[in-house]
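Structure, as structure tokens:
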Amino acid sequence: MPLKLLGGALLALAGFSVGCLLTGRLERRRRLFEALITLVSVLSTRLRFGGENIADAVNFAAEESGIELSRLSDELPFEQEWQLAVKRLRLCSEDEALLGEFGSQLGKTDLDGQLSHLALYDSLFHKRLRDCEEELKSKARLYRALGFFAGTGAALIMI
């Protein structure tokens, strides 16, 4: 009997842990969009005043914003390097598509075009951040509670 209770408690804990894992994913996504907003701001300033190539400016902005992009080099065209770096981030498909579109136009127009592009994506990233925060508010407690109760339900069935 005590072994069944221990097993049941471990099942409830495992369910709660899965809920916490799902909540952590939501939090990671929110932090990503906060960092992307910082990246856009730093990149905008860097392009305006730096006069360097786009890969160096993006590398600097990524380091400043804390995004774990792999260093972009000049070995491949910038767009290909960017797409590879975005794939390594392992994001959901809609976020990967948004970041892919963002990087696909960097370095292709004059300074005013670049700044307009950055302003557009700054507003898109802000919208995604608001959506992430709302999703985190509404689903974080739900995931943890649902995980705990699913584990508890499985434990009751087992006992």
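All of the numbers you see were taken from the coordinates with simple rules; none came from a lab. These numbers come from a predicted model, not from an experiment. Positions of Cβ are generated from backbone atoms using ideal geometry, with glycine treated the same way; all protein chains shown enter the neighbour counts.
Tabulated data for the structure shown
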read-out: All-pairs Cα distance distribution in the stretch 4-63, expressed in whole percent, bin size 5 Å; value: 4, 17, 15, 11, 9, 8, 8, 7, 7, 5, 5, 3, 2, 0
read-out: For the chain, built as a Gaussian network whose Cα springs stay under 10 Å, the top-fluctuating residue of THR38, THR23, THR109; value: THR109
read-out: Total charge dipole magnitude, the stretch 2-158, about the Cα centre, Cβ charges on Lys, Arg, Asp, Glu only, Debye to nearest 20; value: 1140
read-out: Directionally averaged projected area (convex hull, Cα atoms, the stretch 111-159), nm²; value: 4.3
read-out: Estimated FRET transfer efficiency (LEU156, CYS20; beta-carbon r; R0 25 Å; 0.05); value: 0.75
read-out: Selection from GLY7, PHE148, LEU129, by position along the positive dipole direction of the chain (Cβ); value: GLY7
read-out: Distance (nanometres) between label positions extended 7 Å along Cα→Cβ at LEU84 and LEU13; value: 4.4
read-out: Theoretical ellipticity at 222 nm over the chain - DSSP helices of four or more residues, -39500 (n - 2.57) apiece, nearest 500; value: -29500 deg cm²/dmol
read-out: Extension gain, ASN53 back to LYS139 (0.36 nm per residue minus Cα-Cα distance, nm); value: 26.8 nm
read-out: Orientation-averaged projected area, Cα convex hull of the chain (nm²); value: 11.1
